[in-house]
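First up is the structure itself, then whatever we jot down about it.
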Amino acid sequence: RDPHAPPLFSRSRTGLFFQAQPQLKNPFLEDPLLGRYLRRHLPHQQAVFSDLQAFGERISDEVDAWGRECEVNPPRLVPFDPWGRRVDHIVTSPAWQRMKELSASEGLVAIGYERSCGEWSRVHQMSKLFLYSPSSGLFTCPLAMTDGAAKVIQSLGVPPAVDSAYRRLTSRDPERFWTSGQWMTERRGGSDVAAGTETLAEPQPDGSYRLHGFKWFTSATDADMTLTLGRVVGRDGSIPPGSRGLSLFYAEVRRDPQGRLEGIEVQRLKDKLGTRQMPTAELLLDGLPAHRVSEGRGVASIANMLTVTRIHNSVAAAAAMRRVVQLARDYATRRSAFGRRLQDHPLHLQTLARMEVEARAAFLLVMEVSRLLGREETGVASPLDRHLLRLLTPVLKLYSAKQAVAVVSEGLESFGGQGYMEDTGLPGLLRDAQVLSIWEGTTNVLSLDVLRCVARSSGLVLQAYFTQTQALLGHASRLPPLAPAVGALEGALSALGVFVEEAAARPPSYLELAARDLAYSLARIYMGQPPHVV
Ligand code: UCC
Ligand code: FAD
């Protein structure tokens, strides 16, 4: 054979070509929009930029690998000790435990409560979570619930036992930091919480309670505490019915000296499509010691938590889109087909550009809602801000979750067959995106929440929406290149106005049927994408 001829494939040779893999670089530096957004709005830029840049470096250098470790080394349940005693020990990976320490020391919850950036503190916190989320091994799930619990405790003003928990939830000290669960779903139903909750709370002589019930979905079950719902059994044995009969409880997830859970049995860990990095269990509450933090009105009391966790959910959605686009763009510079790099095929570039547009739209709406939350929490929110926060939270959550599934799916395709291969880590992004539209309120349930807040505010939230979008379009119309987009959006907005007026004159069933389309239209117009359906 010619000595210069390429070597033959043989048992010891598998060819000379190996595709260069996509590289995760510092996600802060790689995201031009995040930097631009912060530069434009944030007054305390230097500290925030340094924090995000250093954290981004840490994510690409080490944290991303821990996230992968959480996926390949998922939690498992050890129900018994070697001598047959029931222990129900949920064993998590060292990487999962490192995520908890990291979350404390990086202040991933604390930033929202220290408020060192004033009204922009939530934007700072959510930007950091946005960088972290796709590398977090789903640790962002317990962080969301921890943040939500801190918010509820802060807003309700609660007994001393719970007050010390608040300090732990918002601590930067890994030794003190606690995470919280959020146990709302029982076997009868997770959307209709009032009809679903069978848990009973028995009053104790010292003023505390013991909970008896069955929680069907409890995520990040290794948490230190939880907020949960139940019905207080009256002295005469009566059980208060309906939504108003639900009280909110605080419980610590404690173990006795033998390592056994007190008042909780873990029935099993769920066998899930995604989010496998994180334990989700079915729990029997068998006399769990608890403190009541709201007397009745449990759903209303936990609403603050829902607002916060739904924003976190949307951060995760936007971050998944950003991550897959970032990797797909990088891959397009490394992979060739038909004699050209993928980036030089116009059709491939168009596909990436469309993903980019969705990712940007979701990001900007996430930041907008985070901004509004920050304003509300620092007492500078106008009535318009408050109405927008109430309306846009479900709108953002439901729409960004759907975007994430579509964009991440498209993203996987942009890696060809490799996008389907488990050990690339890419399929996990899609599996984890699928949950975003289910937990924390499904798409339909949140569409109905939009109708609820419109009705309860006598339409004021919609008025705020129209005022704000018109103002934003007014600003945009000063830039001539945006004229066609502004025109299209003005048309969509006025069609939406006509629809809302007409719907008000129809029976409620008409609006109920239109709820999802209405919510999508609200999202798309605010994001600057004229809707398909009004
Ligand atoms: O899934 C879960 C955890 C997963 C892990 C967390 C991950 C987070 C992201 C991570 C990223 C990686 S925990 C389970 C989540 N479950 C839900 O979200 C429940 C979904 N269902 C709903 O949202 C329903 O709409 C319900 C439960 C709220 C409906 O309950 P009711 O009792 O039928 O509703 P009512 O009677 O209309 O509302 C009761 C009160 C009212 O106030 P008052 O009594 O003052 O009139 C409502 O205005 O609650 C108030 N309310 C709200 N207030 C209801 N929803 C809200 C809201 N969203 N905001 C403010
Ligand atoms: P259902 O309420 O039975 O809904 C079924 C379908 O009916 C959905 O498509 C829904 O949109 C639709 N639907 C329901 N009502 C209406 C309506 N009025 N109009 C139109 N359509 C409607 N819960 C917790 O409390 N804590 C947790 O930690 C937790 N972790 C979870 C982790 C994972 C991985 C998953 C998948 C779920 C978790 N959940 C948790 C539960 C989750 O919040 C619920 O599954 C969710 O709220 C939906 O409730 P459901 O499963 O009872 O569905």
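With the whole protein complex present, T378 retains an accessible surface near 50 Å², based on a 1.4 Å probe. Taking 20 Å as the limit for the C-alpha separation, the pairs K128/K397; K25/K397; K100/K397; K128/K272; K151/K215; K25/K128 exceed it in the case of K25/K397; K100/K397; K128/K272; K151/K215. For the stretch 106-121, the Karplus equation 6.51 cos²θ - 1.76 cosθ + 1.60, evaluated at θ = phi - 60°, returns couplings of 7, x, 5, 9, 3, 3, x, 10, 5, 6, 6, 9, x, 5, 9, 5 Hz by residue, with Gly and Pro reported as x. Inter-part distance, the stretch 353-429 to the stretch 442-498, computed on C-alpha centroids, equals 18 Å. State the percentage of accessible surface on the chain attributable to carbon and sulfur atoms; use a 1.4 Å probe and exclude ligands, DNA and RNA. Ligands and nucleic acids excluded, carbon and sulfur reach 53 percent. Within the same chain, aspartates and glutamates fewer than 8 places from K402 are excluded, and of the rest, those with a Cα less than 16 Å from its Cα are E356, E358, E410, D432, E440, D517. Here, the stretch 28-94 is characterised by an Rg to Rh ratio of 1.32, where Rg is the alpha-carbon radius of gyration and Rh the Kirkwood radius. Computed over the chain, the convex hull of the alpha-carbon atoms projects to a mean area of 30.9 nm². Protection proxy ranking of 285-292, 346-353, 321-328, by the mean of other Cβ atoms within 10 Å over each peptide's residues and highest first, is 321-328, 285-292, 346-353. Per residue of the chain, the DSSP helices (runs of n ≥ 4 H) give a summed -39500 (n - 2.57) that works out to -17000 deg cm²/dmol at 222 nm. Rg/Rh for the stretch 387-493 stands at 1.12; both radii use Cα atoms, and Rh follows the Kirkwood definition.
With all protein chains in place and ligands, DNA and RNA left out, the 1.4 Å accessible area ranks M99, M421 as M421, M99, largest first. In this structure the chain gives 46 Å² per residue of accessible area when probed at 1.4 Å with all protein chains present. Centroid-to-centroid, using Cα positions, the stretch 135-165 and the stretch 56-101 are 21 Å apart.
Computed over the stretch 453-534, the quotient of the alpha carbon radius of gyration and 2.2 N^0.38 Å is 1.13. Sorting W96, W83, W439, W120 by solvent-accessible area of protein heavy atoms yields W83, W439, W120, W96, largest first, with a 1.4 Å probe. Each of the peptides 20-33, 294-307, 214-227 was scored by the mean count of other Cβ atoms within 10 Å over its residues; in descending order, highest first, they stand as 214-227, 294-307, 20-33.
The values are calculated or read from the model by the stated rules, or taken from the named source; none is laboratory data. Just so it is clear, the structure is predicted and the values come from calculations on it, not from any experiment. So basically every Cβ, Gly included, is an ideal-geometry build from the backbone, and we count neighbours across all protein chains shown. Please note that ligands, DNA and RNA were not included when accessible areas were found on the heavy atoms of the full protein model with its side chains. Shrake-Rupley method; radii C 1.70, N 1.55, O 1.52, S 1.80 Å.
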